[in-house]
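Each remark here refers to the structure printed beneath this line.
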Amino acid sequence: MINKVILLGRLGKDPLIKQLDNGRVVANVTLATNDYYVRDGQKIETTEWHNLEMWDNQARTAEKYLRKGSILYVEGKIRTDKFTDPEGNEKQVKKIRVLQMQMMGGTKQGDGDMAASTRSYSPTNNQPVMDRNENEHDLNPVDDDLPF
């Protein structure tokens, strides 16, 4: 059996970070994905919201780099949390347990500039894997004489 989810979307708000008593860190994030279809000749857009859960290194990365509007690619598994609300009603919440994530687009630098980079994170690696150099513009000096 397979339980795999692949999503590409935008964050609806900044990550909510919780430091647990046992030293673990969890980040909860909402991700919006869009779907388009045509009805009566008009293009209709629908938005689906997904609750994401990230742990430990991913959670720390989310806290440091992710902000509302960030574009994020994730792979994970669907999980169902069951709980009883204060009125005694049984509730279920579906969420995506993120196994791998990749930040798409730029990351904020200290001076407010956006640096083009794509970073991949998984629960097993402690450091980000840089697909492109974060400071690529520093390695390739700009030649002002270029015609374009």
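Every number here is computed from the coordinates shown, using simple stated rules; none is lab data. All figures in this text were calculated on a predicted structure; none of them were measured in a lab. A quick note on method: Cβ atoms are made from the backbone with ideal geometry, for glycine too, and the neighbour counts reach across all protein chains shown.
Fewest Cβ neighbours within 10 Å first, please rank Val25, Val93, Val74 accordingly.
Listed from fewest to most nearby Cβ atoms, that is Val93, Val25, Val74.
List, in the order given, every pair from Lys4/Lys64; Lys13/Lys64; Lys64/Lys94; Lys43/Lys94 whose Cα-Cα distance in the structure shown is over 22 Å.
Lys4/Lys64; Lys64/Lys94; Lys43/Lys94
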